[in-house]
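Visitor: Quick one: structure below, then a few questions.
All of the numbers you see were taken from the coordinates with simple rules; none came from a lab. These numbers come from a predicted model, not from an experiment. Positions of Cβ are backbone-derived with ideal geometry, glycine not excepted, and every protein chain shown enters the neighbour counts.
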Amino acid sequence: MLSLHLYHRSDGPSPSSQYLHQVLRQHGAQLQESDTFYHSGFWRDEATRAYVDIDSGPLPLRSITPASTHHDDANAQPKDYPGWTPREVSFHIPLNGPHWLVVEIARWLEAVLQDLPDCGILINEDTGLEGEPGYGPGPVERLRLLRCWEFCHMEQCASLATPLMARSSSLALWRYRRELPHGQNHYPHLHWPQALVLSRNTQAHAVAVWQDPTLAWALPPVEYIVVQRAHETGLIPSDEILTAAADQAQALSAGAAHAIAPCASIKKLFSQASLMPPQPFVHCHDHDWSDTPVIRQAETPVDEQEHRSP
């Protein structure tokens with residue numbers, strides 16, 4: 001986990017724990033009701049499935065004291081940051097999964113801090129140098145948070161041999177998931193399948209399931225389609241569907257998807273296409289795979305699409 005700790009400005013008003021909980025809940029956080037000072041909870045984005053754990057109040061295990069930077073002793077007291085006072089609220093980001101889950105969490109934290117103008121976030125494993133701009137408590141900086149997360153993330157992926165997806169394919173999957181509700185609202189006559197992930201050896205692949213060739217549907221920007229026939233299941237490259245649909249495949253304004261009509265060539269493809277066997281592929285949950293990491297330096301130009309919600 002990469003932990004972020006909440007601070008408030010020492011010269012500003014100190015929000016009560018009750019008010020902090022109220023703001024978190026207003027932004028979709030699920031916090032457990034408790035008779036003690038400690039509350040646990042989480043926030044989850046249903047569209048992209050980004051997830052962050054939340055701790056509020058003194059931890060039940062007194063022996064655990066979070067360090068404040070990556071070079072601190074695990075048992076040392078947190079550093080003092082002049083002008084800032086720590087609050088007993090922490091956010092814990094999983095180190096596995098694609099990089100855009102972190103971007104979604106950063107987007108959520110930015111919205112939370114807009115309602116807490118005198119508060120800031122401290123990155124527990126900040127890979128920067130003490131004293132440089134952005135080091136210590138302050139507003140959420142997406143690139144800094146992503147850089148710190150990827151530093152820790154790469155170490156974990158290497159040790160766990162996590163399946164990787166190409167960055168471009170991962171970004172396309174992200175966009176489809178985020179814009180899926182928009183597509184369902186604007187094209188209600190189409191079936192919109194979920195975009196899933198399968199792994200084979202060390203590679204992760206975005207896929208969608210195709211079950212009924214008589215339905216008009218939205219083809220997601222995925223690599224493979226899982227064809228489910230009455231007595232056979234297998235995979236085909238998604239390009240085969242676009243080829244079979246030819247001029248009838250219509251590009252949609254949501255999720256980089258294409259509308260596929262149930263024409264004769266599509267029905268023939270569904271029933272007669274040679275299928276890849278499914279046995280080498282394994283279903284991946286959202287944190288069982290990752291995308292190819294890119295460690296960013298502060299001076300490196302950045303493609304806005306990579307750190308901004310699509």
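Visitor: If Lys and Arg each add +1 and Asp and Glu each add -1, what is the summed charge of the other residues whose beta carbon sits under 15 Å from the beta carbon of Ile260?
Guide: Every neighbour counted, the sum reads -2.
Visitor: Would you calculate a helix-derived [θ] at 222 nm for the chain, using -39,500 (n - 2.57) for each DSSP H run of n ≥ 4 and dividing by the full residue count, to the nearest 500?
Guide: Values: 7 runs with 85 residues, N = 310.
It lands at -8500 deg cm²/dmol.
Visitor: Taking the Cβ-Cβ separation of Gln248 and Ser168 as r and a Förster radius of 25 Å, what is the calculated FRET efficiency to the nearest 0.05?
Guide: Efficiency computed from Cβ-Cβ geometry: 0.45.
Visitor: Tell me, what HN-Hα J-couplings in whole Hz come from the Karplus equation 6.51 cos²θ - 1.76 cosθ + 1.60 at θ = phi - 60° for each residue of region 45-52, using x for Gly and Pro?
Guide: Per-residue couplings from phi come out as 8, 5, 6, 9, 6, 5, 8, 9 Hz.
Visitor: Further question on the same structure: How high is the relative contact order of the chain, in percent, with contacts defined as C-alpha pairs under 8 Å that are six or more residues apart?
Guide: Working: 557 pairs, mean separation 56.7, N = 310.
Relative CO of the chain lands at 18 percent.
Visitor: Ok, one more. Between Ser159 and Gln272, how many nm apart are label points set 7 Å from Cα along the C-beta direction?
Guide: 5.4 nm
Visitor: Just grab the label-to-label distance for Arg9 and Phe37, each label 7 Å out from Cα along the Cβ direction, in nm (one decimal).
Guide: Output for this residue pair reads 2.6 nm.
Visitor: Do any GluC sites (Glu not before Pro) in region 167-273 lie in a loop, going by DSSP, with at most 15 other beta-carbon atoms within 10 Å of their beta carbon, and if so which?
Guide: Here the GluC sites (Glu not before Pro) that fit, given the DSSP loop and packing criteria, are Glu232.
Visitor: According to a simple spin-label model (label point 7 Å from Cα along Cα-to-Cβ), what is the distance in nm between His283 and Met1?
Guide: Taking the two extended label points, one gets 2.7 nm.
Visitor: Now a separate question. Say we join alpha carbon atoms closer than 10 Å with springs in a Gaussian network model of the chain; which of His92, His231, His283 then has the biggest fluctuation?
Guide: Residue with maximal mean-square fluctuation among His92, His231, His283: His231.
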